[in-house]
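Novice: Sharing a structure below in structure tokens format, with a few things to ask.
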Amino acid sequence: MARGATETEVDTSEADAKLYDAIKLNGAPPLSVAEAGKVIETIAVADVMNVELHAEDAEVELQTIAGEHKHTVRIPTMDEVRVMQRSTRLIMHQYNRSEIRTNLESSATLYDKCGGRVEGGNGPVPNIHKDAVIRAVIAAIEQENAPKNDEANF
């Protein structure tokens, strides 16, 4: 740790246990706080496999612990993206170190506002998955609109 910086580790075990109790399905066994934490950590895994942009919407293939799912969302407007991005904070530390803090609630809200829906899923979509989908769509749009190496004005 660099001089002048502090780091606080937050114990989320009680929150993980409460979240597990709130989302577990009928017949699911009670778990210790450590076991509940592992379940929540596993649920959070969301790897973007592919993004297809269309005129009005985008399809995102997401690999999760429950398998592969195809999410469809309306392409967000630039204003909507800016509102979401304002909830992300870039904190600069000494010695060229930086920290990014993200608010999952804002990207989950944007997913819902864009009519997010999923094929092949059971139950509600976790916010961490909504965040992965929305950020993948925004990144794909930015990449598509970026100048290409062979463009005259590059």
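Each reported figure results from applying straightforward, stated rules to the coordinates on display, with no laboratory input. Please read all numbers here as calculations on a predicted model, not as lab measurements. So basically every Cβ, Gly included, is an ideal-geometry build from the backbone, and we count neighbours across all protein chains shown.
Novice: Under 13 Å between alpha carbons, and skipping anything fewer than 8 positions from residue 130 in its own chain: which aspartates and glutamates qualify?
Specialist: Excluding near neighbours in sequence, the set is 47, 59, 61, 105, 112.
Novice: Helix-only estimate, please: 222 nm mean residue ellipticity of the chain, summing -39500 (n - 2.57) across DSSP H runs of length 4 or more and dividing by its residues, to the nearest 500.
Specialist: -12000 deg cm²/dmol
Novice: Further question: Which net charge results for the neighbourhood of residue 70, defined as the other residues with beta-carbon distances under 9 angstrom from its beta-carbon, given Lys and Arg at +1 and Asp and Glu at -1?
Specialist: Residues near residue 70 contribute -4 overall.
Novice: So between residue 25 and residue 86, what do we pick up on full extension, going 0.36 nm a residue minus the alpha carbon distance?
Specialist: 18.4 nm
Novice: In Å and whole numbers, how far do the C-alpha atoms of the stretch 35-80 stretch along each principal axis, longest first?
Specialist: 43, 23, 11
Novice: OK, next. Only one of the listed values, (i) 1.25; (ii) 0.97; (iii) 1.07, was derived from the coordinates as Cα Rg over 2.2 N^0.38 Å; which label is it?
Specialist: (i)
Novice: Same structure again: List the GluC sites (Glu not before Pro) within the stretch 90-154 that DSSP assigns to loop and that have no more than 15 neighbouring Cβ atoms inside 10 Å.
Specialist: Within the stretch 90-154, the qualifying GluC sites (Glu not before Pro) (loop, at most 15 other Cβ atoms within 10 Å) are 151.
Novice: Which net charge results for the neighbourhood of residue 106, defined as the other residues with beta-carbon distances under 12 angstrom from its beta-carbon, given Lys and Arg at +1 and Asp and Glu at -1?
Specialist: Working: positive: 82, 86, 89, 101, 113, 130, 135; negative: 80, 105, 112, 131.
Neighbourhood net charge equals +3.
Novice: Give the order of 138, 65 when sorted by the count of other beta carbons within 10 angstrom, beginning with the fewest.
Specialist: Listed from fewest to most nearby Cβ atoms, that is 65, 138.
Novice: Around residue 79, with a cut-off of 14 angstrom between Cβ atoms, what is the net charge of the other residues, counting Lys and Arg +1 and Asp and Glu -1?
Specialist: Its environment carries a net charge of +3.
Novice: A further question follows. Before anything else, pin down the relative contact order of the chain: Cα pairs under 8 Å, at least 6 apart, normalised by residue count, whole percent.
Specialist: Taking the mean separation of contacting Cα pairs over the length of the chain, I get 20 percent.
Novice: Another question about this same structure. Treating cross-link reach as a plain straight distance, find the lysines whose alpha-carbon is under 20 Å from the alpha-carbon of residue 18, omitting any fewer than eight places away in the same chain.
Specialist: Once the sequence-local lysines are set aside, what remains near residue 18 is 38.
Novice: Looking at the stretch 22-81, which trypsin sites (Lys or Arg not before Pro) are in a loop (DSSP not H, G, I, E or B) and have at most 15 other Cβ atoms within 10 Å?
Specialist: 24
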